[in-house]
Every structure is written in C-alpha cells, then in structure tokens.
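**Student:** Structure provided below as structure tokens; questions to follow.
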Amino acid sequence: MRLPLRSLTVVSLLATSLFAAGSAHATNVTEFPDNGSEQFSRGGAWVARASDPLAVFYNPAGLAGQPTRLTLQSNVIFQHSCFQRVRSAFDTSQADPLLAGGGNTFQKYCADDEPNFDPQMAFTYRVNDRLGLGIGVIGPSAAGAAHWPDFVKGPNGDMVPSPTRYMLVKKEGLVVFPQIGAGYEVVNGLRLGAAFQWGIAKFKLANSSLGLNGDKLGPGNDVRADLQVADYFVPGFTLGALYSPTEEFDIAGWYKWSDAVKARGDVGTQVNFYTAKNAKGDSSGVTHGDTIFSDCGTGLVGDQASNPCGKGDNATVKLAIPMEAKLGFRYHKLRVHKPHTRDPMLTDKFDAEIDLTWANNSAADATQVRFPGDQNGNGILPVSGIQGAYLPPNADVPTGYKDVFGVRVGGDFNAMPDRFAIRAGGFYQSRGQDKQFQNVQFAASQNFGLTIGATYRLRFGGYDEDNTKTNALEFSLGYGHIFYADQDNKNPLAEGFSGTAGTSCNPAADNVTGNTCPNGRTRYRTNYPINLGTITNQINVINVGVSYRF
C-alpha cells in the first residue's frame, strides 16, 4: 500500500530533520544561525571571532589561544507555523466538509508548537600558548517538536479530519552531535584547526496517506502512518582557518563535510483512523499494523507470507548532507595587547564582523526512502486492514531544495572592559526551496533575523603572569526574532507536491513495472497536489548560558 509514502513524507521529514541536524549551522535550508549565546546574539557573525568553546564546531582554529573553559548553554526556540490549504482544481476526492461553504480555500490552521530546548556543551583545554583542544556536544539550530491536529472543528461543530494531515501530524526526535577538535597557531597570526564529529539521531514522525488511489473517496479512506527511524553514526568533519594580518583585523574561513544520513527503522499504520467514531475518542474500530513484527501485525498464518516483515528494520532512508562554507572578516579595536590570547572581553574595546555563507542544499534535492519489494517495483509488505495493500518499495521524495546564500553582520561592545559586554546582529538567508515542493516540515523561505545579547563576567581567584585573575564565571543571555517570507503556491491550477496512496495508479493499470504509471505519474501518488496554499512561519529564540574559566 502506498500508505507510508506519506510515510515517505514522514520519512522525507525525517530525512530533512536529520538534514537539519547533520548540516548544522551555516546557511542551511532548515536552520537559522546559530547555536551559542555569542554566536546567535551576533546574528551568526562569529567565524572570525571564534572565542568560546563552541569554536570546536564553528571554527576549530579559534581553539588556539583560548583559556581552559567549560560552557553550558541552551537555545529555547518558539516557532509559530500555520498553513492555509487550497484544494487543487484536479482533486477528485470527495468534497471536503470543511469546504461546505463553497470555494477552494480552507481555514488557516496552526501547529501546536512546543518550546524546543536545544542545549550545547563544550570544553576547551589550553595546552600551551599555541595549542588548544576542544570537545563538545551540539545540536541543530532548528525548531524541534511540532504537532499538527489530526482533527479540527468543522462548520457544524463536529470534529473532522484536518486539511494539514497529508503534510505533517507529528515531528519529534533527539539529535546530538559530539565533536572533538584542535586548533594550533602555526606562525604568529595564523591559526589552523580541525574537528571530527559524529551524529546520533532518532525520530518519531507521523502524517496521513490515501489508502486507495481512486476518485470520489473521502477521509475514511485515509491511513495514518507513524515512522520511527534512527542513525547512530553519521561521521563528518570541519576545517577552520583564522588569519590576523594586523593586530586589529581577522580573516577566517570554515568548511564542513558530512557523510549521508543512512537511517533504518519501521512504520506503523492505522486504518479507519479518520472516522467520526475515532474523532470522538472511540478508537475500537482502528486497525493497527507495524513492520517491526515479523507478520507486519496482520496475523497472517499458513503458507502465505507468514513472516514477510522478517526481523524489522524494514524502512531505510538515505539523505545527502550538503557541504557548507563561511568566510568572515572582523575588525576589533584593541584595548590591551596580549599575544596568543583570544579573549575579546579582556583585550578589545569593541568589534564588528561580517560573514558570507553558503550551503550546497541542492545536493539534498531528494530523499531516498525504500521498503522491501520485488523486481517489478511492487511492494511485498502488507498493510493491516486493507486487502491487497502493500508498502511501496520506492518511496523517494523530491525536496526541491536550492543552494542557499547568506550574509551575517554583528559585533560586541565592552561597556565594562573584562566585566560586561553587549552585542547585536542580523542576518539574511536566501530562499531554500522551490514553491512546488513547499512543506510545513521546515521554514524554507527567505528569511532575516535581528538579535541582541549580553555577557556578565565575574572574576575571582588565580593570577597569570600579568597579575590578572584567571578564574571567572560568565553569564550570558540572548534574544532574537526571525522573520520568514510567506510560502505561497495557492493557484488551484498550480503544480505541487502529490499526495501518496496505497494502490499503484489512477486510473488503475495492469502489469505496471518500475516507478511510473502509464499516464506518466509516479506510482502510488495522487494525480493532484496536496500542498497548495500558504505557509507562514515566525520564530523567537532565547539563549541562556553559563561558562566557567579555570
């Protein structure tokens, strides 16, 4: 059944979620800049400053010259997402009760967004004046869990299936990226660094699909799909360079590469989910299946496919993680000259930086989603509750991602030298997705943000050769608002992202092989798009952090 091809988009979501996690923090289509109080509060303009332990990821060259320090920080992300669906002029399904008043535009519905806590932890060790080591655990700079309604209130006050259900119902997950790196000042003013990272990701995602591919079918034909997949090792590395041609000017470069995400897992299905009975809380009529069980949850016995699902891990997802790069230029007015030391709160009066960023998002323009199948492209894993329905062997999804370019500007002012710093910044990122493929999974439109922040440092105990106290406790706070352009594809005649279905072609065709129907449509897809309409997003971020210098 083409049912989890919405699992396909569930999976595509998973993959793009992993994409967010894996490619972190240049000009990624799924993210905003950046994790960390200094980094985010400067609008992400930080690659040439690179002066706290998070440099282990953002520019490992900046580890050279840092003091020994431990930092614990977290972004708290509040995303507000809404979708107003437009019914395609080619939609041959049953008239939706939410359009009882006529027209083709649904009411706007919004996600029940939850605050996403995105913690960061990093530690630097100053081996000597020229060599610094760092370790860290950093997540993606992106909104986390999101829940869209399965049912909404209809014109008569009853609960009916939501018009957003084909795009996304649930997005939950855990993503962490441990890192280890080193920075070395090879000659005076030139620092080089490298870091190795590995990704750990686990996701739970859900949305719905058409059970059968046909005309005049209503919401009772829909099937809810829940996908769980994980990849516990996604290797990658970052390279950084930081050159200071003068004492008050820095030039920095950063490059990131990562292996593809290769996740495995299983999909659970719920047939007869979108019914009036279930909307009222009575789920006794819902039929469940799950590919984690050897019989797929169908209870098949005898000679006929008694264990088609085997030992589980029947869903596979592969997604390329794009390369990313940054180039930064920073001017800082010195207050105190301290060679081989990266401590701008101590040594600078103020600084200002501009960064140019690029992410090769087009390399991830499709998500590969596969289930077991035969040599003719037919599924072999049955879906419990629908006779003759199978999971599609090829559930690949185009994402329409584009290379994204960005510019970031920010700086610090030390209002009280070595004690209190204030900072501000802003950024702009180009559109990261063609409107034909727009989706509520992530905010991929062009966007810009404005940010502010501050750090208070309290020194105590320990003295260096200049009789400066070395131990210190630092408290940081940041805030920013991100503005997203609306994503619009609301012409009922427009091309868009097709829905998925449990049977191969509409109209039905015999002896179809491969992934294409006789009418040229992709198998297990509707003949009409389900993502037409307007998507709106806005994000607020608060960052809090504390650091201890030894």
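The values are calculated or read from the model by the stated rules, or taken from the named source; none is laboratory data. Predicted model, so just to flag it, every value in this text is computed and none were measured. Note: ideal-geometry Cβ built from the backbone for every residue, glycine included; neighbour counts use all protein chains shown.
**Student:** Hey, can you tell me all the residues within segment 70-80 that are crowded, with 24+ Cβ neighbours inside 10 Å and either farther than 21 Å from G406 by Cβ or modelled with pLDDT of 95 or more (or both)?
**Tutor:** Q73
Conditions (1) without any contact (Cβ under 8 Å) to a residue 40 or more places away in the chain; (2) of a type outside the set (G, A, S); (3) more than 22 Å from G103 (Cβ to Cβ); (4) in a strand (DSSP E or B), marked per residue:
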{"position": "F483", "(1), (2), (3), (4)": "no, yes, yes, yes"}
{"position": "N491", "(1), (2), (3), (4)": "no, yes, no, no"}
{"position": "E495", "(1), (2), (3), (4)": "no, yes, no, no"}
{"position": "A509", "(1), (2), (3), (4)": "yes, no, yes, no"}
{"position": "G514", "(1), (2), (3), (4)": "no, no, yes, no"}
{"position": "G520", "(1), (2), (3), (4)": "yes, no, yes, no"}
{"position": "N527", "(1), (2), (3), (4)": "no, yes, no, yes"}
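**Student:** What number of residues in segment 153-177 are of a type in the set (V, I, T), farther than 17 Å from V440 by Cα and at pLDDT 85 or above?
**Tutor:** Total satisfying the criteria: 1.
**Student:** On to the next question. Which of the residues that make up segment 37-79 are farther than 20 Å from Q538 by Cα and either charged (D, E, K, R) or in a strand (DSSP E or B) (or both)?
**Tutor:** Listed by number, the residues that qualify are E38, R49, D52, R69, L70, T71, L72, Q73.
**Student:** Could you tell me which residue of segment 295-308 is modelled with the highest pLDDT, considering only residues that are of a type in the set (S, T, N, Q) and surrounded by fewer than 17 Cβ atoms within 10 Å (Cβ to Cβ)?
**Tutor:** N307
**Student:** If Q387 meets every condition in (1) farther than 30 Å from L473 by Cα; (2) in contact with a strand residue (DSSP E or B) (Cβ under 8 Å, 6 or more places away or on another chain); (3) free of Cβ contacts under 8 Å to residues at least 24 places away in the same chain apart from one, which number is that one?
**Tutor:** (2)
**Student:** For the list (1) of a type in the set (A, V, I, L, M); (2) without any contact (Cβ under 8 Å) to a residue 40 or more places away in the chain; (3) under 30 Å from G211 (Cα atoms), I need the number of the one condition that L98 fails.
**Tutor:** (2)
**Student:** Filter segment 309-330 down to the residues that are among the charged types (D, E, K, R) and closer than 30 Å to R42 by Cα, then identify the one that is surrounded by the fewest Cβ atoms within 10 Å (Cβ to Cβ).
**Tutor:** E324
**Student:** Considering P67, P60, P53, which residue is closer than 26 Å to G478 by Cα, more than 20 Å from the chain's Cα centre (by Cα), modelled with pLDDT of 50 or more and surrounded by fewer than 24 Cβ atoms within 10 Å (Cβ to Cβ)?
**Tutor:** None of the other options fit; the residue is P67.
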